[in-house]
Amino acid sequence: MFYDRQKLEELEEKSLAPYGMRAKDSKGRVYSGNEPAYRTAFQRDRDRVLHTTAFRRLEYKTQVFFNYEGDYFRTRLTHTLEVAQIGRTIARALGGNEDLTETICLAHDLGHPAFGHSGEVALNRLMKDHNGFDHNKQSVRIVTKLEERYPDFPGLNLTWEVREGMVKHESEYDISDASGYDPDLRGNLETQIANVADELAYTAHDLDDGLRSGMITLSQLEGIELWEILAETYNWRDTILDDISRHRMIRHLVGIEVSDVVQATNMRIKESDVDSPLAVQKLPHNLLGHSEDMIRRNRELKDFLYAKLYRHYRVVRMAVKAERVISDLFNAYIDEPAILPAHVQSLIEERGLERTACDYIAGMTDRYAVDEHRKLFDPFVKP
């Protein structure tokens, strides 16, 4: 016995909640074609994202700590994988489509440039007179235009629902612009799950990396309610946090966050009485989210991370270096386009010089950008 696409779609129909998005109900792709025999449309989308150059490059792009600061800190790739795992868990618990959720999660950060948010700030400033730079929009550009893997269409030709989920990705640091994708409608359940999973993952795991790095100390965490809950759970009152204890604390933090989201969302679902994906999108509020108590606790932890980790002098120093590297590269390419590789120069007529330079830099990994900077500005390094 085997499960062909029809059988997989039948299983979705039986297992998903009424408000979960069915692959068979997708609005389809820009370029029509035959769907695979043994995968749903959303499963194909997930696989296409995984095989992109942009996805592989995430391994060497910054989350909080630059790639060469240590092998055990999270990168943009490991963050993405953790978001996908959390997203699948929430989707499964709430009767959402795991495949669609996972695909949106895997694609949500494809457009991040070298050095993460520091690189994004620099590129947006440099492109202020040319429609700016936003990593969400860049992610969509990658899957609709920039990835060149197929002879019959540009990009990946993903389904409407995945592209809509990417366009409507938003968190505390990411504001969506849904132009062209039913901007009057909210993201569907799976999109909202991806948004919550992203925030949940980076908050818990940035705390983990901050503790590992020593930039966050145990004494600083005293009085932070979520940390006190973790300490109370394990009756932990030591002055030293060993690796096993840290892993256990962070794992439990993720667990209670996920449980809170599932329980709070389930209550909203019952109150809203939604019976279709469209009904979710038409609501005046998001279904997905934490309880009021957890929102307050998370706010306290996020404020703590901003003050003690994201604004730690070592992180700020590296951010300043990153913005200088990005700015130097961009200005050098604009001042003398002939130093761009030939295949990049060939795109200037179509895209314009500034957008071409921006796309080229946005695709760089941390180490590639640093190496390129050395080649252009260090006279003792071969170009």
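Computed from the coordinates by the stated procedures, all read-outs in this text should not be read as laboratory data. Everything numeric in this text was worked out from a predicted model, so none of it was measured. Cβ placement follows ideal geometry from the backbone for every residue including glycine, while neighbour counts extend to all protein chains displayed.
Mean projected area of the Cα convex hull of the range 316-377, taken over all directions, amounts to 4.1 nm². Cross-link check: pairs K308/K375; K128/K308; K24/K61; K61/K137; K145/K168 evaluated at a Cα-Cα cut-off of 27 Å; pairs beyond the cut-off: K308/K375; K128/K308; K24/K61. Given axes a ≥ b ≥ c from the Cα gyration tensor, I'd like to know whether the range 1-135 is rounded (a/c under 1.5), prolate (a/b larger than b/c) or oblate. Judged from the Cα gyration tensor, the range 1-135 comes out prolate (a/c at least 1.5, a/b above b/c). Spatial offset of the range 280-351 relative to the range 238-265 amounts to 26 Å, using the alpha carbon center of each. Highest mean packing comes first when the peptides 227-239, 350-362 are listed by Cβ atoms within 10 Å, giving 350-362, 227-239. Full extension of the chain between S179 and H343 gives 56.0 nm of extra length, using 0.36 nm per residue less the Cα-Cα distance. One equal scatterer on each Cα of the chain, no solvent, Debye formula: the resulting log10 I(q)/I(0) at q = 0.07, 0.10, 0.11 Å⁻¹ is -0.34, -0.70, -0.84. For the range 194-233, take every pair of Cα atoms, bin their distances at 5 Å starting from 0, and report each bin as a whole percent. With 5 Å bins starting at 0, P(r) equals 5, 21, 24, 27, 15, 7, 1.
What is the sum of charges, Lys and Arg at +1 and Asp and Glu at -1, for the other residues whose Cβ falls under 12 Å from the Cβ of R29?
Result for the neighbourhood of R29: 0.
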